[in-house]
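Asker: Sharing a structure here in structure tokens format.
Any read-out appearing in this document is the output of simple, stated calculations on the displayed coordinates, not a laboratory observation. Since the model is a prediction, treat every value here as computed from it, not as a measurement. Ideal geometry is used to build each Cβ from the backbone, glycine not excepted, and the neighbour counts take in all protein chains shown.
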Amino acid sequence: MNYAEFYRRSIEDREAFWAEQARLIDWKQAPRTICDNSKPPFTRWFAGGTTNLCHNAVDRHLKDRPDQPALIYVSTETGIERTYSFAQLHGEVLRAAAALKSLGVKKGDCVLIYMPMIAEAAFAMLACARIGAIHSVVFGGFASVSLASRIEDAKPKLIVSADAGSRGGKVTAYKPLLDEAIRLSKHKPQSVLLVDRGLAPMELGGGRDHDWTALTEQHAGMQVDCEWLDATDISYTIYTSGTTGQPKGVQRDVGGYAVALAASMKHIFLGEPGETYFSTSDIGWVVGHSYIVYGPLLAGMATIMYEGLPIRPDAGVWWSLVEKYKVTAMFSAPTAVRVLKKQDPAFLKKYDLSSLKALFLAGEPLDEPTARWISEGLGVPIIDNYWQTESGWPILTIANGVEKKPSRFGSPGVPMYGYDVKLVHESTGEELTGVNEKGVVVIEGPTPPGFMQTVWGDDERYVRTYWETVPGRMVYSTFDWGIRDKDGYYFILGRTDDVINVAGHRLGTREIEESISSHPNVAEVAVVGVADALKGQVAMAFVVARDSSTLPDAASRLKLEGDIMKLVDGQLGAVARPSRVHFVNLLPKTRSGKLLRRAIQAVAEGRDPGDLTTIEDPAALQQIRDLIVSK
Ligand code: ATP
Ligand code: MG
């Protein structure tokens, strides 16, 4: 089929298009209306229809593929590796659902899931979906303060957690962090259900705390029917990464999300029933929701859930799983590929990857050198996809399931069906239609199925935050900055607040980073704009060298700094040349692996970096502070 035509129908003949996609899932009751946009920007999809995510992800497959693998759990932290067939997964989810019900959880109640990457986390999510409870998964790497603010916002009746998580062999006890978070939060859950992995000592507090194994075993063999939910009921809430500030609670529906995921598995991710999908994300992020748990299972695929690092026991571990489980589609993030890029490339060639159709990457701009490196190393197509927690599934990419198209290095691709993507002028709101004109990437409503319904508990904040930022028009702002080439491919240039204004020239940090990362000795780079009395702003670069042994002293650093400046001069022009190139051994990132440019910028300008609860390693920021002070 022709993608341009497919896309056109999705916008101009929206109802018919999505009515067709809706047939990809089971409905108890068919939807009455397809798209109700009578109260923009709040779009209601498939109103009148009733369905259930757990039914579609699990029960539906019991007829045709009960014994095929559904969930493949691999932990290189504990050495546990176990495959659950659809029938076994069904059994586990039933017990978990019964356990939740026994603790008083009912349809519409919130259940907060603060878990490491263990199979029980997926059972808990699916059990919530089954009984109509709203789950709110909080990334297991967060500590008390971050967790407390999410407990307070989500107001869970119950929290599911575990004794501990493990990362690179280092065990972190969760229970004390959770107890402290509950103490800090004004909202208190009625009960806490805890999986004891035997990694850290754990005491169950009388009355409130329950043991997962004991309680689920009590309910083994019990039948818990799927609750038939309205398509517009809430399936879950999830928080954004907090890269630009306070995380936002994204609320998602049931029916639209199920349809959107089922459609994306077919049209974008090339997923076929019986095949294996491997997403290296974490269930704490939207990618984990859409493409570890729900998407692959909806498609009748086996999904790999991996606990561990990409480089332990060695940098071949992911590829060994691809070979072993005949993974057909893999999903990861540029930040993970950059980690592998610092390792021996021979690992990419060590295993039989012939089952793999493509590697999908999302989460951050994918620079061309990184894309080329992994593409050549693996010998499979690399498919960049651009989206947000808010959207739930890709906004820009290529839909090879509809029409085979080459991806373009540096570009995530074209607008996906259902998304009326536009570029607008930041301050006038005027639509930009010219080739290579820079503008803010916005989405014209109605937003497609799967897109967030609102900010959890705060419709007004949803409208104010996302829909009222472009002057003169009501469009959803992505807060990303982009251009479109003559063939309609988009390029994301960075976030709207990451644009640098050097003596009147507006430069995306991304453009400068892309240029710097083409230097062979650059593994990672962050560019921020720093206030400058003369030029307004100047670009400042922070670089992690690929081989730090080449930088033993100030002279060698100065030499590389000069080389990098020359490179930028040659590629982009002297206006883009960073005023300084500092060398660090790690960059400050969010726990989801995104560069915390706002924090780097604040420190570089000698300001307070603000909310740092989502930072991965504070030492990274300290290193930058030290460099700035000592200069
Ligand atoms: P917050 O909204 O809390 O500041 P965040 O925007 O990082 O955090 P996410 O929803 O996890 O939260 O990330 C979405 C953002 O990630 C996008 O708006 C974009 O800036 C960036 N992004 C995601 N995928 C890509 C991609 N393929 N290319 C370029 N940028 C991407
Ligand atoms: Mg965002």
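Asker: Taking the Cα centroid of the range 199-219 and of the range 553-605, what is the distance between the two, rounded to the nearest whole Å?
Answerer: 49
Asker: Within the range 332-378, report the trypsin sites (Lys or Arg not before Pro) that DSSP leaves as loop and that have at most 12 other Cβ atoms within 10 Å.
Answerer: none
Asker: For the range 1-137, what relative contact order do you get, as a whole percent, if you take Cα pairs closer than 8 Å and at least 6 residues apart?
Answerer: It rounds to 17 percent for the range 1-137.
Asker: Additional query: Report the full-extension gain for the segment K566 to A554: residue separation times 0.36 nm, less the Cα-Cα distance, to one decimal in nm.
Answerer: Additional length available on full extension: 2.5 nm.
Asker: Defining a contact as two alpha carbons under 8 Å apart and six or more residues distant in sequence, what relative contact order in percent does the chain show?
Answerer: Dividing the mean separation by the residue count of the chain yields 11 percent.
Asker: Is it possible to state the helix-based mean residue ellipticity at 222 nm for the chain, with each DSSP H run of 4+ residues giving -39500 (n - 2.57), the sum divided by total residues, to the nearest 500 deg cm²/dmol? What is it?
Answerer: That comes out to -8000 deg cm²/dmol.
Asker: Okay, next question. Provide the per-residue ³J(HN,Hα) series for the range 53-63, in order, calculated from phi with Karplus coefficients 6.51, -1.76, 1.60 and θ = phi - 60°, each as a whole number of Hz, with x at glycine and proline positions.
Answerer: 5, 5, 4, 6, 7, 10, 4, 4, 8, 5, 6
Asker: Then there's this: Which trypsin sites (Lys or Arg not before Pro) from the range 1-62 combine a DSSP loop assignment with at most 11 other Cβ atoms within 10 Å?
Answerer: Those satisfying the criteria are R32.
Asker: I'd like the antiparallel share, as a percent to the nearest 5, of DSSP beta bridges with both residues in the range 104-198.
Answerer: Taking every DSSP beta bridge with both residues in the range 104-198, the antiparallel ones total about 20 percent.
Asker: Could I ask something else about it? In the chain, what percentage of the DSSP-assigned beta bridges are antiparallel, given to the nearest 5?
Answerer: Roughly 60 percent of the beta bridges in the chain run antiparallel, per DSSP.
Asker: Taking other Cβ within 10 Å of each residue's Cβ, how do E561, E511 sort, fewest first?
Answerer: With the fewest neighbours first, E561, E511 line up as E561, E511.
Asker: Which links in K248/K594; K63/K266; K28/K175 stretch past 28 Å when you go from one Cα to the other?
Answerer: K28/K175
Asker: Stretch L627-T428 to full length: gain in nm at 0.36 nm per residue minus the Cα-Cα span?
Answerer: 67.7 nm is the gain from fully extending L627 to T428.
Asker: For the range 569-623, give the magnitude of the charge dipole about the Cα centre (Cβ charges: +1 Lys/Arg, -1 Asp/Glu; no others), in debye to the nearest 20.
Answerer: Using Cβ point charges on Lys, Arg, Asp and Glu, the range 569-623 gives about 140 debye.
Asker: Counting other Cβ atoms within 10 Å, which trypsin sites (Lys or Arg not before Pro) in the range 163-234 have at most 13 and lie in a DSSP loop?
Answerer: When the trypsin sites (Lys or Arg not before Pro) of the range 163-234 are filtered for loop state and at most 13 Cβ neighbours within 10 Å, K186 remain.
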